[in-house]
Every structure is written in C-alpha cells, then in structure tokens.
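Here's the structure, in structure tokens; my notes come after.
The values are calculated or read from the model by the stated rules, or taken from the named source; none is laboratory data. Note that the structure is a prediction, hence the values are computed from the model and not measured. Reconstructed Cβ throughout: ideal geometry from the backbone, glycine too, with neighbour counts over all protein chains shown.
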Amino acid sequence: MSEGQFKSRKFTELIVYIAKRLGPEAALGRVKLAKLLMASDFGAYERFGQSITGATYERWEHGHLPQELLLAQRDLEAAGDIRVETVDYFGKQLKHITAHRDPDMSEFSEDELAVIETALLQFGHESATHLSNLSHQELGWRLANWKEVIPYRTVYLGKGGVSDADLRRGEELASSHGWN
C-alpha cells in the first residue's frame, strides 16, 4: 500500500546513483542506503506531493526500510551493477556497497535530482547509527507497528514534539472511535 505506483527502474537507478555518488569514506551499508532512499522519497513527497520511486517503507528496528530494497540489491549484485563487500569499519564488519557502473538518471526530473542531492549532502556522510536514531524521531516511524507500512503523508506530521503520553492518548481516541 504505497502512495503511488512503484517505479522499479527509478528505484534501482537511485541505488546505483547513491552508491556511485558517495565515496568509500561514506561507509555505505544497507541501513544507511535505506535511510538515504527514505530521505529522498519522503523529501520529494513533502515538497511535491509524490515520492520519487513509489517504494513502500515499513517500520523496522533501524528505521524506515523499503520493502523492495533486498530484492533490488540482490538483482543489482547479480547483474554486476553493484558490489557488496565486507570491510572493517572502526572495528565492526560493514557490508559496504559500491557501484560498478554509472547510473542512468534520464528518468529523473531536475527537482527530483535536487531533492536527492540535498539528502546526500545532509546525510551521506553521517553514520548509519545516527541516521537510524534520526529516523526513530519521525512520527511516521513512531506511530507504525513493527513491519507496518509508513505512509508518505506522515512526513507532514513533523519530528518529535509528541510525548509517549500524547501517542497513548491518540491510540485511546483512535480505539474509542474504531479507527485502529
């Protein structure tokens, strides 16, 4: 149940673009990739009322995870478009993603490219842990249940500013009106 049609080609090309655009010092693993995809899609939705890829994001332990990511990553690896290799990252094992071809960005509008670049400049060199913590502040993530779809429209709810008591009261009201 995404809000818009999934655009598989744009999704895979965006993965290649992110992997190509960020150098090895960015330490691009799956968690960070998921956050950069989310920042791009939700950022576009906030600005233009539609996401770039139409991916379906769910609530997972480390934040928003697009349902389509694992399959797309596997297909890109099998085709030799990206490579995932285990590297040492400050004493931890990171499955670092690198691109082995240039992305085809011909289907992306200038506005979409601007949103993607903003996400990469803002978050591309942050740690996956930091990005995960930021995503946990998003009300869409906080309101969703485990593995539940996070609607794009939740981007308009903002960040923080809502206590656990506020969330419980909202759940009580929703329950009393049969909205859950």
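Quick notes on this one:
- Number of the exception - Arg30 against (1) of a type in the set (D, E, K, R); (2) more than 16 Å from Lys147 (Cα to Cα); (3) over 11 Å from the mean Cα position of the chain (by Cα): (3)
- Candidates Val87, Val149, Val115, filtered to the one that is farther than 19 Å from Phe6 by Cα and of a type outside the set (Gly, Ala, Ser): Val87
- Listed conditions (1) in contact with a strand residue (DSSP E or B) (Cβ under 6 Å, 6 or more places away or on another chain); (2) surrounded by 14 or more Cβ atoms within 10 Å (Cβ to Cβ); (3) over 30 Å from Leu157 (Cβ atoms) are all met by Met105, apart from (1).
- Verdict on Thr154 being assigned to a helix (DSSP H, G or I) and hydroxyl-bearing (Ser, Thr, Tyr): yes
- Residue pairs whose Cβ atoms lie under 9 Å apart, sitting 6 or more positions apart in sequence or on different chains, and linking a residue in the range 89-112 that is of a type in the set (A, V, I, L, M, F, W, C) to a partner that is at pLDDT below 95 and surrounded by fewer than 12 Cβ atoms within 10 Å (Cβ to Cβ), are Leu94/Thr86; Leu94/Asp88; Ile97/Glu85.
- The range 34-58 - residue that is surrounded by fewer than 22 Cβ atoms within 10 Å (Cβ to Cβ) and of a type outside the set (Ser, Thr, Tyr) and, of those, nearest to Gln5 (Cα to Cα): Gly54
For every residue, the table says whether it meets (1) crowded, with 17+ Cβ neighbours inside 10 Å; (2) within 14 Å of the chain's Cα centre (by Cα).
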position: Glu110; (1), (2): no, no
position: Leu113; (1), (2): no, no
position: Leu120; (1), (2): yes, yes
position: Phe123; (1), (2): yes, yes
position: Ser135; (1), (2): yes, yes
position: Leu143; (1), (2): yes, no
position: Tyr152; (1), (2): yes, yes
position: Gly158; (1), (2): no, no
position: Asp164; (1), (2): no, no
